[in-house]
């Protein structure tokens, strides 16, 4: 009611539409912009950590009295990333999204994608997302400032209905992997044992798009959650 009444008062504010009729109050933790009939908008947000009932309303003046509901946070769900195992001693975790700025793709976009709205299995709730490319395109990534030595390199990637069949290359080794799945999910870890990191402290990772599963939509996407380096025994 407090937020609704404040929204009603915005009817006299000449900047109300530009503000999407959303009062500037600490009680507002997220909002949709004003959209017209026939349009759609998706709001991605992380639910409050404190269990309880969080009302949501339409803040267009007068609408909140009939257009309202409750987001109920039970506290039973694990926070994002809780299912990820702790690293063993000496192991290194590189977040996929940290490699976006230095990524070199022959086509498409390499961006950071939020994964909070899916499962709680993505480290930091984000991933590197390569989209808009086609079979034959390649993506080159480089992790730097690593300690020289021998590692097992483990790629934790994403699979989904429109993800590609791709070749993964670490050093002089490569393998082909089908990242199609009927829903957004973590792919099985791809392990490359005894990978050498030289004195320059750089690990090169190559990905080539080969095609798609017969059941996949032709979007040829790739997602990388994280890369883990475990010192070889």
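Read the figures in this text as sums done on the coordinates, not as results from a lab. This is a predicted model, so every value here is computed, not measured. In this analysis, Cβ positions are derived from the backbone assuming ideal geometry, glycine residues included, and neighbour counts consider all displayed protein chains.
Sorting 188-199, 128-139, 105-116, 208-219 by average packing, meaning the other beta carbons within 10 Å per residue, from highest down gives 128-139, 105-116, 208-219, 188-199.
Share of antiparallel DSSP beta bridges in the chain, in percent to the nearest 5?
Working: 54 of 56 bridges.
DSSP beta bridges in the chain are roughly 95 percent antiparallel.
Computed from label points 7 Å out along Cα-Cβ, the spacing between residue 144 and residue 12 is 5.8 nm. Separation between the residue 26 and residue 199 pseudo-spin-labels, each 7 Å from Cα along Cα→Cβ, expressed in nm? Between residue 26 and residue 199, the label points sit 5.7 nm apart.
Given the choices [x] 1.09; [y] 0.93; [z] 0.95, Rg/Rh (Cα atoms, Kirkwood Rh) derived from the coordinates of this structure is entry [x].
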